[in-house]
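Since every read-out is calculated from the coordinates, none of them should be taken as a lab result. Since this is a predicted model, take the numbers as computed values, not measurements. Ideal geometry is used to build each Cβ from the backbone, glycine not excepted, and the neighbour counts take in all protein chains shown.
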Amino acid sequence: MVGLGITKDIIERLWFGVCDIYVQETADNPENKRREMAWVLKYSGLKCKRIYKQSPAVVMEDLRNAKEQRIELLISKEYNIPAGAKIVYIEDGVTTEYKRSGEAQVYPSYHQQIYLELLEKVA
């Protein structure tokens with residue numbers, strides 16, 4: 001039987017992405033001396049893999065047809081990533097920000113599968 005350490009190493013060799021995980025916590029704002037919600041780095045530089053899945057279903061949106069797309073993240077199950085966490089994914093020099101939606105599907109072998117949504121920028 002292959003040990004978990006060897007299995008982890010083999011799986012992570014196939015993952016070319018790196019991500020940082022941020023969670024919202026109450027923190028002191030030094031500018032106005034108030035406690036406010038802020039994004040706080042929880043994990044940094046985690047090996048991971050992003051997967052795009054197209055749905056064959058077509059949805060109506062803004063009077064035009066668009067295919068629905070699911071984005072999934074594979075990452076070690078040893079990290080507790082709460083719903084709503086911000087995930088900054090970097091691969092091949094391209095950085096994309098997502099938020100976690102829903103509960104992770106945790107596999108008995110090594111990893112968990114997390115569904116992602118693009119994080120909308122607020123102007």
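When you count, for each residue, the other Cβ atoms within 10 Å and take the mean per peptide, how do 93-104, 76-87 rank with the highest first?
For the peptides 93-104, 76-87, the packing ranking is 76-87, 93-104.
Please work out how much length the chain gains when fully extended from S76 to K42, using 0.36 nm per residue of separation minus the C-alpha to C-alpha distance, in nm with one decimal.
10.8 nm
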